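To start, the structure itself, in structure tokens.
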Amino acid sequence: MNARQEVLALGCHEDDLVLMTEAFSRSELTLQVIDDPGEFARQAVSHRPLAIVLGVGSGTITLLEMISVIRAVRHELPVLVIAENGSLELERSARQKEIFYYLVHPVECSELEAVLQDLLRYSKS
């Protein structure tokens, strides 16, 4: 990679963000955290990030609806979901959106590294 590619994140726990920032920096990726869902969707379609990460829980499950909007413009964009807990309803809703990967908070370093490697392989194919 010549330039650092960007991954956008919305709604993730602070400790997950720290872990992602560290893992991504070792892989020449930059994590950009956005707090506003509208701005997140705008940047996801206009800035051409490598992937997006959504942190969702029972109170923020509606953020999953954003995936459909983004997919209308960027169908190939990998979406990673980090669930607040192990809810089957939340997992089912996320997987129906054809996400790239589903993680449960707290994210483990080894799992994140494996997902990151898959993401980088996917981006090169």
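Read-outs throughout are calculated quantities, based only on the coordinates presented, and are distinct from any laboratory measurement. Just so it is clear, the structure is predicted and the values come from calculations on it, not from any experiment. Cβ coordinates were reconstructed from backbone atoms using ideal geometry, including for glycine residues, and neighbour counts include every protein chain displayed.
With K and R counted +1 and D and E -1, the other residues having a Cβ less than 10 Å from that of ARG48 yield a net charge of 0. Considering only LEU54, PHE24, HIS75, and ranking their Cα positions along the charge dipole of the chain that arises from unit charges at the beta-carbon of Lys, Arg, Asp and Glu, the one farthest toward the positive end is HIS75. Exposed loop sites are taken as GluC sites (Glu not before Pro) in a DSSP loop (any state but H, G, I, E or B) with at most 12 other beta carbon atoms within 10 Å; the longest stretch of the chain without one runs 29-75.
Which ordering of VAL115, VAL45 is given by a fewest-first count of other beta-carbon atoms within 10 Å?
Details: VAL115 21, VAL45 15.
Starting with the residue having the fewest Cβ neighbours, the order is VAL45, VAL115.
Overall shape: rounded for segment 5-124, with the ratio a/c of the largest to smallest alpha carbon gyration tensor axis below 1.5.
Residue exposure proxy: HIS47, HIS13, ordered by other Cβ atoms within 10 angstrom of their Cβ from fewest to most, comes out as HIS47, HIS13. Its Cα centre serving as origin, the chain has a Cβ charge dipole (Lys and Arg +1, Asp and Glu -1) of approximately 640 debye.
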